[in-house]
Amino acid sequence: MTTRVGVIGATGAVGQRLIQLLDPHPDFEIAALTASPASAGKDYSEAAKWRVDTPIPEDVADITVVETDPEEVPDDVDLVFSSLPSSVGAEVEPTFVEDGYVVSSNSSNGRMDDDIPLTIPEVNPDHLGLIEVQRDERGWDGALIKNPNCSTITFVPTIAALDEFGVERVHVATLQAVSGAGYSGVTSMEIIDNAIPHIGGEAEKMETESRKLLGAFDGAEVSLHDADVSASCNRIPTIDGHLENVWADLSEDPTVEEVADAMRDLPSVDLHSSPDQLIEVFEDPMRPQPRMDRMLGDGMSVAAGGIEATPHGVQYNCLAHNTIRGAAGASVLNGELLLEEGYI
Ligand SMILES: NC(=O)c1ccc[n+]([C@@H]2O[C@H](COP(=O)([O-])OP(=O)(O)OC[C@H]3O[C@@H](n4cnc5c(N)ncnc54)[C@H](OP(=O)(O)O)[C@@H]3O)[C@@H](O)[C@H]2O)c1
């Protein structure tokens, strides 16, 4: 039996990716689509300026988009994927959860709240236990779970792999694709022939979310990982795929080969959307590159390369597809984990 799902904020960059991934999904069936009042009442094909690389699914094109309100979503929908702007998500997501829906959300609101799981299934699936804490504290029937920011999700699996060598400090500089800013985010006049050396709020998300993801959950709360993380975030004119340069200071002194093996050996999980190989490691220092490598593992793998020793640890580059592994695919994977763990 399939689980009936809704997508709130279904017409945007992440919403369209969600529909691309959910339509053929064996466990989920799209039953409701919501967006802003300007889109409500229109067929999805009219409301969404479809821009993803496969045709709009026929059975989704005719669905009428409704307002983003739990009253508008059928009661037999059990799981809701959220790709709303965070200001809207902060207001609306709790109303869905209060009504009993389980919400797997991309939006940044609440990611650092003590009782909200911020989860990458291959890195910290146990943090899902925070759902019991949020139900106790907030009296919610449903549940709210978040996936991290797209630039956070790109480097965190590689740091999880390095943890056995004692990660003390991480510096990360990003080269981020324009799709990360959403469809109305960066104009062509701003980005063509250019690079923008600041993305508002992004560095702080990487610095805090990474420490929560890598932190330990004791059944009641998550203690943040004690590594210092500092980030610098840059926008460049690629369409999809965030490339990142990482410097990690380690308490131990592994060889380059040991670091590469630790990354290759980081286990994936047995969920429909998880890739067979979570981290693909290249020997060629010219890889990974966004255009060549963003679709590894159907867009769900992280790619790494250019690993070199430094006086304090290692440096390397990593890459992930920001609207698949970094957003829609991450939410779907969290939905699969919720299903597997019996929260739906
Ligand atoms: N893009 C990425 O790579 C990425 C990665 C990770 C996380 N995220 C996060 O995911 C969320 C969505 O990002 P996006 O890039 O998909 O944004 P987007 O392209 O701007 O899409 C926003 C969606 O929210 C809807 N919406 C806007 N205002 C609304 C309102 N007042 N009430 C109800 N619905 C409203 C829009 O509907 P209309 O079409 O009707 O306006 C659209 O469906 C954001 O919180 C973002 O930070 C994005």
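The values are calculated or read from the model by the stated rules, or taken from the named source; none is laboratory data. As the structure is a prediction and not an experimental result, all values here were calculated from the model. Glycine gets a Cβ as well: all are built from the backbone with ideal geometry, and neighbour counts include every protein chain shown. Note: areas computed on protein heavy atoms with side chains; ligands, DNA, RNA excluded. Shrake-Rupley method; radii C 1.70, N 1.55, O 1.52, S 1.80 Å.
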Practice task
Summarise the accessible area of the chain (1.4 Å probe, protein heavy atoms) by the percent that is carbon and sulfur.
Solution key: 47
Practice task
Report, for the range 160-243, the % of DSSP beta bridges that are antiparallel, rounded to 5.
Solution key: 35
Exercise for the section: With only Lys, Arg, Asp and Glu charged, each at its Cβ (+1 for the first two, -1 for the last two), find how big the charge dipole of the chain is about the Cα centre; round to the nearest 20 debye. Expected result: 1260
Handout entry: Reduced Cα scattering model of the range 150-321, Debye log10 I(q)/I(0), q = 0.10 Å⁻¹
Key = -0.37
Fill in the blank from the handout: Packing-ranked peptide list from 14-21, 47-54, highest mean Cβ count within 10 angstrom first, is 14-21, 47-54
Problem - Reduced Cα scattering model of the chain, Debye log10 I(q)/I(0), q = 0.06, 0.14, 0.15 Å⁻¹ - result: -0.20, -1.11, -1.26
Completion exercise
One would report the antiparallel percent of DSSP beta bridges in the chain, rounded to the nearest 5, as 45
Practice task
With unit charges on the beta carbon (Lys/Arg positive, Asp/Glu negative), name the residue among Ala203, His321, Gly185 whose Cα is farthest towards the positive pole of the charge dipole of the range 150-321.
Solution key: Gly185
Handout entry: Estimated FRET transfer efficiency when R0 is 56 angstrom, pair His272-Met189 (beta carbons, to 0.05)
Key = 0.85
Practice task
State the antiparallel share, in %, of DSSP beta bridges confined to the range 150-321, rounding to the nearest 5.
Solution key: 70
Fill in the blank from the handout: Given a Förster distance of 56 Å, the FRET efficiency implied by the Cβ-Cβ spacing of Glu98 and Ser45, rounded to the nearest 0.05, works out to 0.95
Problem - Solvent exposure of the range 150-321 as accessible area per residue, Å², 1.4 Å probe - result: 47
Fill in the blank from the handout: Expressed in nanometres to one decimal, the distance between label points 7 Å along Cα→Cβ at Met1 and Asp75 is 1.6
Practice task
May I ask for the net charge around Arg138, where only other residues with Cβ less than 9 Å from the Cβ of Arg138 are counted and Lys, Arg are +1 while Asp, Glu are -1?
Solution key: -3
